[in-house]
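This report refers to the structure that appears directly beneath it.
Values quoted throughout were computed directly from the atomic coordinates according to the rules given, and no laboratory measurement underlies them. No experiment lies behind these values; they were computed from the predicted model shown. Virtual Cβ from ideal backbone geometry, glycine too; neighbours counted across all protein chains shown.
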4 protein chains.
Amino acid sequence: MQEFAWPVRVYLEDTDAQGVVYNASYFRFMERARTEWLRQRGIDHDEARERHGVLFVLTGIEAHFLAPARLGDMLAVSADVVETRGARMVFRQSIRRADEAREVLCDGRAEVACMDAEHGKPRRWPEDLLRELSKR
Amino acid sequence: MQEFAWPVRVYLEDTDAQGVVYNASYFRFMERARTEWLRQRGIDHDEARERHGVLFVLTGIEAHFLAPARLGDMLAVSADVVETRGARMVFRQSIRRADEAREVLCDGRAEVACMDAEHGKPRRWPEDLLRELSKR
Amino acid sequence: MQEFAWPVRVYLEDTDAQGVVYNASYFRFMERARTEWLRQRGIDHDEARERHGVLFVLTGIEAHFLAPARLGDMLAVSADVVETRGARMVFRQSIRRADEAREVLCDGRAEVACMDAEHGKPRRWPEDLLRELSKR
Amino acid sequence: MQEFAWPVRVYLEDTDAQGVVYNASYFRFMERARTEWLRQRGIDHDEARERHGVLFVLTGIEAHFLAPARLGDMLAVSADVVETRGARMVFRQSIRRADEAREVLCDGRAEVACMDAEHGKPRRWPEDLLRELSKR
């Protein structure tokens, strides 16, 4: 099975004085991958609000660093929905070096809640939105 | 004459793999100093819009790098209005190392335009806003 | 017992188009608090390497978002070591609004490994370094 | 004549609470374009130091904002060397919306100095490096 992976080049802006990618930059990369995963399914924030009446709200993120990425590296950032229950959706994300060996540099996770756009309360994911997300 | 200077500590987030502060970070520092200069005069963006009916719109910024700042450095970032004419306000800003020698590391400039909050068109700075800004 | 808390003002640079603090910015805030917690104990990265022959390597970070911080907010970011075992040190961190109510906006965690500076391998934290860290 | 232009998607990380791209983000975009322009000519920082014994040092940058870029926009960032004299190289850079109209959103400029990698002093750009840069 082929998972979704978004290519990311490491620029100077992403690195720090320890000579590697700065810790918070990995979350910027993971958010790009989730955004592009949604875009591929025809969904963005405006779309979700206007057509489905819901907001995606990020409720938790984490990253485990296995090996550092460096200036000039080409990375592949995955985004895989591993759980959808009630108001909750969980992404598993990995950041690999985009070469032959495809070493995993960072193992991540993001939890997103479905909120009613009008009342700002958690609600079940709309069935038609879930159908659109399960397309590839 | 004592100019306004805002203290900024250099953290890992501000640096890059060349071991110094990343170029765009200096603009983040300069924007903090302008924000605090305004706050000291009792002005923020909401205030300007609600009480004066205007928006501050950044129209140009520049920086000249004389010497690099490094991880852990304590900096002093100035913000000095050097011109106010028509819809235009020009800040001169310097970034110095906050020690005895006070070496200038970066020489900056920011140009801000006054826009009518309702019609989004440039307009002269309101006289009462200028009076508040000239207080110290 | 009074825990360590570092003050952080929210600037434009920290926010995003959803009108709140951008997710990765919370990790920049938490890293500032850990850095200042160490500085208060007289330790920085150079110090740890030169005097103790070790490196601090960040191996994992996480954040759970309870309520959003907004432009202009003053925050208090804590850093508390809750576990030190073998090569591992765990910080519990919270981000609160720095007002009367002190609402918790974000609940975080950072895991740091002690690495031998020469061979780049995990090792137990040096006893004298732990003693310096337990001072306040 | 076709100038070099690097595609940049605007993500949440690039925007601020005013709903548009944050000022310092434009400099991150311009630096990506300069890096890719160099990469296209087979040059990066290691290359320049090892093969030519020189460092590229950024000595000044500026941007003039004509219209705001927004979340989700696709941009095209140009990088054009407009002057090379002595130790100095000047890039003219524009950021346009990557659609039919190609509106210019930001007009930028970057000045880079050639430094001797060994003595850290400004020096003339090596002739063979200039030849490689003039290829397309």
Fill in the blank from the handout: Mean separation of Cα contacts under 8 Å (at least 6 apart) over the residue count of chain B, i.e. the relative contact order in percent, is 28
Completion exercise
Inter-part gap, Cα centre of the range D:61-122 to Cα centre of the range C:30-61, in whole angstrom, is 37
Fill in the blank from the handout: Dividing the helical contributions, -39500 (n - 2.57) per DSSP H run of n ≥ 4, by the residues of the protein assembly as shown yields a 222 nm value, nearest 500 deg cm²/dmol, of -7000 deg cm²/dmol
Handout entry: Label geometry 7 Å along the beta-carbon vector: A:Val104 inter-copy distances in nm
Key = 2.9, 4.9, 5.3
Problem - All lysines inside 20 Å of B:Lys121 as judged from Cα atoms, apart from same-chain residues fewer than 8 positions distant - result: none
Handout entry: Cα gyration tensor shape of the protein assembly as shown, rounded if a/c is under 1.5, else prolate or oblate by comparing a/b with b/c
Key = rounded
Exercise for the section: Distances from D:Val90 to the same position in the other copies: list them in nm, one decimal, shortest first, using label points 7 Å from Cα along Cα→Cβ. Expected result: 1.8, 5.7, 5.8
Practice task
Every other copy gets compared here: list the nm distances from the A:Pro122 label point (7 Å along Cα to Cβ) to its counterparts, shortest first, one decimal.
Solution key: 3.3, 5.1, 6.1
Practice task
Could you tally the net charge around D:Ala110, taking each other residue with its Cβ under 11 Å from the Cβ of D:Ala110, Lys/Arg +1 and Asp/Glu -1?
Solution key: -2
Practice task
Calculate, for C:Ser134 and C:Val104, the FRET efficiency according to 1/(1 + (r/R0)^6) with r their C-beta to C-beta distance and R0 25 Å; round to the nearest 0.05.
Solution key: 0.45
Practice task
Please report, in whole Å, how far the alpha carbons of chain B spread along each principal axis, starting with the longest.
Solution key: 46, 31, 22
Problem - Residues in the range D:1-29 that a label on A:Arg39 would reach, taking backbone N under 13 Å of a point 7 Å out along Cα→Cβ - result: D:7-14
Handout entry: Rounded, prolate or oblate (a/c below 1.5 giving rounded, otherwise prolate when a/b exceeds b/c) for the range C:35-92 by Cα gyration tensor
Key = prolate
Exercise for the section: Rank these for me by crowding, A:Ile43, D:Ile95, going from fewest to most other beta carbons within 10 Å. Expected result: A:Ile43, D:Ile95
Handout entry: Sequence of B:Leu133, B:Leu66, C:Leu58 once ranked by neighbouring C-beta atoms within 10 Å, starting from the fewest
Key = B:Leu66, B:Leu133, C:Leu58
Handout entry: D:Glu127-B:Asp46 pseudo-label distance in nm [points 7 Å out on the Cα-to-Cβ vector]
Key = 6.5
Fill in the blank from the handout: For A:Val54, B:Val57, B:Val104, ascending order of other Cβ atoms within 10 Å (fewest first) is B:Val104, B:Val57, A:Val54
Practice task
Pick out, in residue order, every one of the GluC sites (Glu not before Pro) in the range A:54-129 that is DSSP loop and has at most 15 other C-beta atoms within 10 Å; say none if there are none.
Solution key: A:Glu100, A:Glu103, A:Glu118
